[in-house]
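The structure under discussion appears below in the form of structure tokens.
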Amino acid sequence: MEIVYVYTKKREEFGRQCNFADRVAESLVDIPVDDSLKEQYIVRNPCESAIQCAPEMSEHEVNTERFETMSRGINHVEGGWPKDVNSAEVEQTLRYRKKVEKDEVYIQAIQQLGSVMEHTIRQNNAVDIYEEYFDDVIEDGCVEPPSAKTINVFRDPNELKRTATNISWYPDNAQKLAVAYSVLEFQRSSPGMCMDSYIWDVESPNKPDMALKPISPLVCIEYNPKDPHCLVGGQYNGQLAFWDTRKGSQPIEVSAISASHSDPLYKVIFLTSKTGTECFTTSTDGQVLWWDIRKMAEPTETLILDITKKGKPTLGGISLEYESTMPTKFMVGTEQGTILSCNRKAKSPADRIVASFSGHYGPVYALQRNPFFPKNFLTVGDWTARVWSEDLRDSSIMWTKFHNSYLTDGCWSPVRPAVFFTSRMDGCLDVWDYMFKQSDPTLSLQVCDEALNCLSIQEGGSLMACGSHSGNVTLLELSESLSQQQRNEKATVTQIFERETKREKILESRYREMKLKERAKSQQEEKNPEDDEENPEELVEEAEKNFWFTVEQEKAGIEKKEREAEK
């Protein structure tokens, strides 16, 4: 086998081409005769000299050993059907397939045959390019210090800037994000203010990818996890709107205003269902409403946030939490600082609110279960963020220090069970890593000079979007130490949560014992009032005695200082 490769050089690489033309002779320089030079003239015999201007070139030949390849294939012919199944009829074959696939023996057989088949296929290759040499080696934890860098900033294109109230990531990948823009301060809104919200492309910060045109400003927005082209938005007037991005910027359907919330719709979440069209919403009007986006004339269910069980709203909803692994359970964060744990399938409407957790002095702006430990959930409100356990209702198991500025939002990391994020009114993003330390944030990043209103992390855990008061959405890329799970992290976090839960249970039982003792003591004092009663005259006399004793001491001290001054 002869391999020849010729190296060539273009004409343009030799330099500028010489162009010659005919012209009349002309005298450019006239040098006069110098007789002194003529005397110095020496006649030389003619001589020749050779010169080569071409560059030296070298030629090399190389030929590798020929590698012989072979192609092999396998042809599978369908067969092996039972006698009572006609392979020509599609319905019978489908019915038999479903029956076999549900059998546990079938699944085990496929798993066993899959490894054997994979081994045989790998033998067909002389060199296995997919071989993993270090598959058994356990990777050490990332030693890179936690950090984050700004990738892009998406600015509200309107002249009158609005607050970025909510952010939702595109479900399939991290290429797009939807941002809801609204002015939550009623006094700051103006008649000419734009009501559009936008879908941004991550790589194109200069112009929105698409505009959403609601009839009232959007307070919250959420992508459908089963259909990335569909999304719903909660409006300032309490209505719920549904968009299909394939059909334009106008909403496909809007809930009837008479059947919607009477306050701004602060949170909407899609439910896990067969159709993928069910969602539920909450507002400060004290209701939780369930919707089917195919028919939004009225809600399918209604829950009134009433812990007194009198049938009237007593708490206003601000945030929601729903875990797909627990389809009947959900949680509501209220503007009064209480977290409600609810069960949608309770026997009676009064029993839907199962438990309540109190610990914040203001609205609960963020509420989320830990993705790895659903029994533990995070709440953000007032000046602190708290981690709770469903086993304890009286107090949280862990909490952050009280910050100087108000906290506005928070969320767990989807890839690291020990990490969560909080945003503050002073423009700082705090990253808390309980594997590293629990008293202070691992990383505090000054994202902007104004209040951060919302944040949302991408499903992969490496990108974070933060929305500010003036509508700027900052896209941050987190370092590997924050976006990759550390070695034995899950087991360590399990121990931390169990230890803190046990500690709080001990303190709670101790507090109850002290309460019981105080109650028993007060009851005993009520039974024997004569023994503990003191004469009021004696108390007055003793108080006067103490008073005059103090006055005499002060006078003696003053007289002593005067004598020392005279001397």
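The values are calculated or read from the model by the stated rules, or taken from the named source; none is laboratory data. In this text the structure is predicted, and so the values were computed from the model without any measurement. Positions of Cβ are backbone-derived with ideal geometry, glycine not excepted, and every protein chain shown enters the neighbour counts. These accessible areas exclude ligands, DNA and RNA; they are computed on the full protein's heavy atoms, side chains included. Shrake-Rupley method; radii C 1.70, N 1.55, O 1.52, S 1.80 Å.
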THR422 is checked against (1) in contact (Cβ under 8 Å) with a residue 40 or more places away in the chain; (2) of a type outside the set (Lys, Arg); (3) within 16 Å of THR150 (Cα to Cα) and fails just one. What number does that condition carry?
-> (3)
PHE372: surrounded by 15 or more Cβ atoms within 10 Å (Cβ to Cβ) and touching a residue at least 60 places away in the same chain (Cβ under 8 Å), yes or no?
-> yes
For the range 428-513, which fully contained strands (runs of 3 or more DSSP E) count at least 1 residues that are of a type in the set (Phe, Trp, Tyr) and either open to solvent by less than 30 Å² (accessible area, probe 1.4 Å) or within 19 Å of LYS149 (Cα to Cα) (or both)?
-> 428-433
Pairs returned, first residue in the range 308-336 that is farther than 21 Å from PRO374 by Cα and assigned to a loop (DSSP other than H, G, I, E, B), second residue that is open to solvent by 40 Å² or more (accessible area, probe 1.4 Å) and modelled with pLDDT of 85 or more, beta-carbon separation under 6 angstrom, 6 or more apart or interchain, are PRO313/ILE304; LEU315/GLN336; GLY316/GLU335
Select, from LYS312, LYS401, the only residue that is surrounded by fewer than 20 Cβ atoms within 10 Å (Cβ to Cβ), more than 30 Å from SER439 (Cα to Cα) and not aliphatic (A, V, I, L, M).
-> LYS312
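Specify the residue that is least open to solvent (accessible area, probe 1.4 Å); the eligible residues are those in the range 410-427 that are of a type outside the set (Asp, Glu) and over 17 Å from LEU482 (Cα atoms). Explain how you work it out, then say what you get.
First pass over the range 410-427, keeping only residues of a type outside the set (Asp, Glu): 410-425, 427.
The next check asks that each one be over 17 Å from LEU482 (Cα atoms); those that pass are 424-425, 427.
Working: ARG424: 33, MET425: 96, GLY427: 0 Å².
Across the range 410-427, the extreme among qualifying residues is GLY427.
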Identify, from the list GLU101, GLU48, the residue that is free of Cβ contacts under 8 Å to residues at least 12 places away in the same chain, surrounded by 10 or more Cβ atoms within 10 Å (Cβ to Cβ), among the acidic types (Asp, Glu) and over 30 Å from LYS9 (Cβ atoms).
-> GLU101
Which members of the range 26-45 meet the condition of being open to solvent by less than 100 Å² (accessible area, probe 1.4 Å) and acidic (Asp, Glu)?
-> ASP34
List the number of the failed condition for ARG95; all other conditions in (1) open to solvent by less than 100 Å² (accessible area, probe 1.4 Å); (2) assigned to a helix (DSSP H, G or I) hold.
-> (1)
